[in-house]
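In what follows, a single structure is set out as structure tokens and then discussed.
The values are calculated or read from the model by the stated rules, or taken from the named source; none is laboratory data. Since we're looking at a predicted model, the values are computed, not measured. When we count neighbours, we look across all protein chains shown, and the Cβ atoms used for this are built from the backbone with ideal geometry, even at glycine. Ligands, DNA and RNA are excluded from the accessible area calculation, which covers all protein heavy atoms including side chains. Shrake-Rupley method; radii C 1.70, N 1.55, O 1.52, S 1.80 Å.
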Amino acid sequence: VDGMGDDFDPSKVGSHISPEKWNEILDNRESTNPLILDIRNKYEWDIGRFKGSEKQTLRLFNQFEDYANNIEETVGKERKILMYCTGGIRCELFSAKLKERGFQDVNQLEGGIINYGLQKDTKHWEGNLFVFDDRLVVPVDGDEESDKKDVISRCWHCGTLVETTYNCANTQCNNVFPACDACALKYVACCSEECSQSEYNYIKRNSKQVHLSRSVGKGDHFRKMIEKL
């Protein structure tokens, strides 16, 4: 795997713990004192996360090495570590990275957030869940009509609570960010004024040629915004 090193052994992974056991540990976090690591992209954390989890800046697997080094320098090898990601794949890799550094109590959420969301008791989760399909943001149980919908993310531009997200239209930028309808239209689906005015803003440059049929995966809110241009 890119960035993991030739001697990396993915078979030496952390312990898989069930959602029930996960809740039990967090119920007693004052005594267990776990370090809760979110191994997803930072924009996913903005949409929803386990309470008390640390936000990081990971985007690529080749950043795991630096992140593991940082943890090794700041966290005792005996501390209980709980890590999670959407489905569990990233944790398989990163937990092994910590195990090979000598961390003794490395644990990962079995089946990831997706599996956790299927449980009745999801009290330690806050916010919604970012997913990589046209819905983009759903409640933690995956049901768009669920009473577990919990909006905690805020528009990058005005700070309004919002659940809609955009991938910056500046092709030289790769930010994924929450934005309300008004700001998305104002900044032409960009994360900043600078990006909206950039020559690399593909929407502004080709507004008449942006085909809605090619917008699958960007969300219905994106298509509605394009129609208003």
Cα to Cα, under 25 Å, and not fewer than 8 places away if on the same chain: which lysines meet these conditions relative to LYS186?
-> LYS42, LYS204, LYS208, LYS218, LYS224, LYS228
Percent accessible area from carbon and sulfur atoms, segment 72-190, protein chains only, probe 1.4 Å = 46
Size of charge dipole - segment 123-229 - debye, nearest 20, with Cβ of Lys, Arg +1 and Asp, Glu -1, no other charges = 500
Per DSSP H run of n ≥ 4, the term is -39500 (n - 2.57); total these for the chain, divide by its residue number, and report the mean residue ellipticity at 222 nm rounded to 500 deg cm²/dmol.
-> -7500 deg cm²/dmol
May I ask what percent, to the nearest 5, of DSSP beta bridges between residues of the chain are antiparallel?
-> 50
What is the spread of the Cα atoms of the chain along each of their three principal axes, largest first, in whole Å?
-> 57, 42, 28
Segment 110-229: relative contact order in percent, alpha carbon pairs under 8 Å with at least 6 residues between = 20
How large is the Kirkwood hydrodynamic radius of segment 117-160, in angstrom, based on all distinct alpha carbon pairs?
-> 11.3
Evaluate the relative contact order of the chain (contact order divided by residue number), counting alpha-carbon pairs under 8 angstrom at least 6 apart; express in whole percent.
-> 17
Trypsin sites (Lys or Arg not before Pro) restricted to DSSP loop in segment 131-229 with at most 13 other C-beta within 10 Å = LYS208
Size of charge dipole - the chain - debye, nearest 20, with Cβ of Lys, Arg +1 and Asp, Glu -1, no other charges = 720
How long is the gain from GLU73 to ASP133 if the chain were fully straight, where each residue apart is worth 0.36 nm and the alpha carbon distance is subtracted?
-> 17.9 nm
Taking the dipole of the chain about the Cα centre (Lys, Arg +1; Asp, Glu -1; charges at Cβ), the one of ASN28, THR86, SER192 that reaches farthest to the positive side is SER192
Please give the peptides 34-46, 68-80 ranked by average Cβ packing (other Cβ atoms within 10 Å per residue), highest first, as a rough proxy for protection.
-> 34-46, 68-80
